[in-house]
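Beneath this line is the structure, given in structure tokens, with notes to follow.
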Amino acid sequence: MRAKASDSTAVALLTVLAGSLLLPLLLVGAIFLIIGLNAGSGPGAYTVIFAKAGDECGAQGQYLDVSTGKPLQCMGPGGFRTASLEFPGFSREQNDDVRRWLTTLAEDGGLDVFDHRSVQAKIDGIAAGLPPGTRVEPESGATKIWIGAALTAAGLALVSGFAWQWRRNRQAGY
């Protein structure tokens, strides 16, 4: 049995249609997966980063001078940025307590790695005790991972369905 010209046109049209739907589905799914897997890998609202003057800084975290513990001015995304040592959800007393702790640690001539860890532990302890709704939670990528996995799985299922149908039609001689 001979295939008509309209049959090959229909197959070509369906192939173009399937490709124009499946390729974006797979690409968007992959993008969501990548973003979801990378979410939360950066510093959060309660992260202290010790750096030197002139270092680059990110959009999140509090940047402090590595030796003095004072807020640091640094270049980051969007231009010049100054840390404030004001943590979201902390009371004035809690922020002052962190500042006093930094001053006490820096009195002996500088901050070492153990001092850095001590400051971060103090901030983490205060943040852990904040009432629900006050604490700024780090961004989770779980939702984006699920969306990306679902879109990618749907795209792969559709691709395999089209491939199976194409193979079946080739064997039948269409």
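The values are calculated or read from the model by the stated rules, or taken from the named source; none is laboratory data. All figures in this text were calculated on a predicted structure; none of them were measured in a lab. All Cβ positions, glycine included, derive from the backbone under ideal geometry; neighbour counts span all protein chains shown.
Looking at the range 141-149, can you tell me whether even one residue there is over 30 Å from Gln62 (Cα atoms) and either assigned to a loop (DSSP other than H, G, I, E, B) or among the aliphatic types (A, V, I, L, M) (or both)? Taking every residue of the range 141-149 in turn, at least one turns out to be over 30 Å from Gln62 (Cα atoms) and either assigned to a loop (DSSP other than H, G, I, E, B) or among the aliphatic types (A, V, I, L, M) (or both). Suppose we keep only residues that are at pLDDT 85 or above and of a type in the set (S, T, N, Q) within the range 63-102. Which one would you say is farthest from Val48 (Cα to Cα)? So, considering only residues that are at pLDDT 85 or above and of a type in the set (S, T, N, Q), the one farthest from Val48 (Cα to Cα) is Ser91. Taking every residue in the range 153-172 that is among the aromatic types (Phe, Trp, Tyr) and pairing it with any residue that is in a helix (DSSP H, G or I), at least 6 positions away or on another chain, the pairs with Cβ-Cβ distances below 8 Å are Phe162/Ala18; Phe162/Leu22. Looking across the range 100-114, the residues that are surrounded by 10 or more Cβ atoms within 10 Å (Cβ to Cβ) and within 22 Å of Gly58 (Cβ to Cβ) come down to Leu102, Leu111.
So for the range 118-127 (the condition being of a type in the set (S, T, N, Q) and at pLDDT 85 or above), does at least one residue qualify?
Initially, the range 118-127 is screened for residues of a type in the set (S, T, N, Q), giving 118, 120.
Within this subset, residues satisfying the condition of being at pLDDT 85 or above are 118, 120.
Yes: one or more hits.
The residue that is farthest from Gly89 (Cα to Cα), among those in the range 46-62 that are at pLDDT 80 or above and of a type outside the set (S, T, N, Q), is Lys52. Exactly one residue among Ala149, Ala142, Ala172 is of a type in the set (Gly, Ala, Ser), under 19 Å from Ala30 (Cβ atoms) and exposed (fewer than 13 other Cβ atoms within 10 Å of the Cβ), and that residue is Ala142.
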